[in-house]
1. So, in the stretch 10-38, of the ones that are under 23 Å from residue 185 (Cα atoms) and at pLDDT below 95, which residue ends up surrounded by the fewest Cβ atoms within 10 Å (Cβ to Cβ)?
2. Is it true that residue 89 is surrounded by fewer than 19 Cβ atoms within 10 Å (Cβ to Cβ), touching a helix residue (DSSP H, G or I) at 6+ places or on another chain (Cβ under 8 Å) and modelled with pLDDT of 95 or more?
3. Check 80, 73 and return the single one that is loosely packed, with under 15 Cβ neighbours inside 10 Å and either in contact with a strand residue (DSSP E or B) (Cβ under 8 Å, 6 or more places away or on another chain) or touching a residue at least 60 places away in the same chain (Cβ under 8 Å) (or both).
4. So which of 137, 129, 205, 141 ends up being farther than 21 Å from residue 69 by Cα, modelled with pLDDT of 90 or more and exposed (fewer than 14 other Cβ atoms within 10 Å of the Cβ)?
């Protein structure tokens, strides 16, 4: 069970894993070109960002399954479950910030920069800004407000679905049929979609019982 006492250890674990991601990516740049894992040195941070993103996907998938299995009401009714949920959300935020750092370094390594000077659309730039802003602020909201209000319930369901849709959209962008089917990304789309449906089912079931959310 994830507990507050283990937060420093878990944070250290995430940072250590991401350090290993960097070291592995740098090491594979020294491999012979015939090696399956070999990359060119200029793509080190591309690989770091990709692997860090996959780790974020695993963390959020675990979170989705937990919420789908218990439901937010049962999670908040039990202090240990609530602690575990808050820690999962926090670890996801930490890992995704490291992923964002790798993305920035990836752009810099290619002599590029991230700008908002291009076309701004709801499904693209705006969605990305909203998603990353929520990823940063949601953990602070959850640790500050200990009780599950109707507003917090809605915000958390929206947050989980928003992250999932952003990741699914990212996976879809990497699938280029028929030349590049990217089966692992297709698998990610199916799994995340199934997890979201599981949460929808749980939301329906726990609200059908007419148990009021704690105000």
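1. Among those that are under 23 Å from residue 185 (Cα atoms) and at pLDDT below 95, it is 36.
2. no
3. Numbers: 73 fails: loosely packed, with under 15 Cβ neighbours inside 10 Å.
That would be 80, the only listed residue that is loosely packed, with under 15 Cβ neighbours inside 10 Å and either in contact with a strand residue (DSSP E or B) (Cβ under 8 Å, 6 or more places away or on another chain) or touching a residue at least 60 places away in the same chain (Cβ under 8 Å) (or both).
4. Numbers: 129 fails: modelled with pLDDT of 90 or more; 205 fails: farther than 21 Å from residue 69 by Cα; 141 fails: exposed (fewer than 14 other Cβ atoms within 10 Å of the Cβ).
Answer to the selection: 137.
The values are calculated or read from the model by the stated rules, or taken from the named source; none is laboratory data. Because the structure is a prediction, the values reported are computed rather than measured. Using ideal geometry, Cβ is built from the backbone for each residue, glycine included, and neighbour counts are taken over all protein chains shown.
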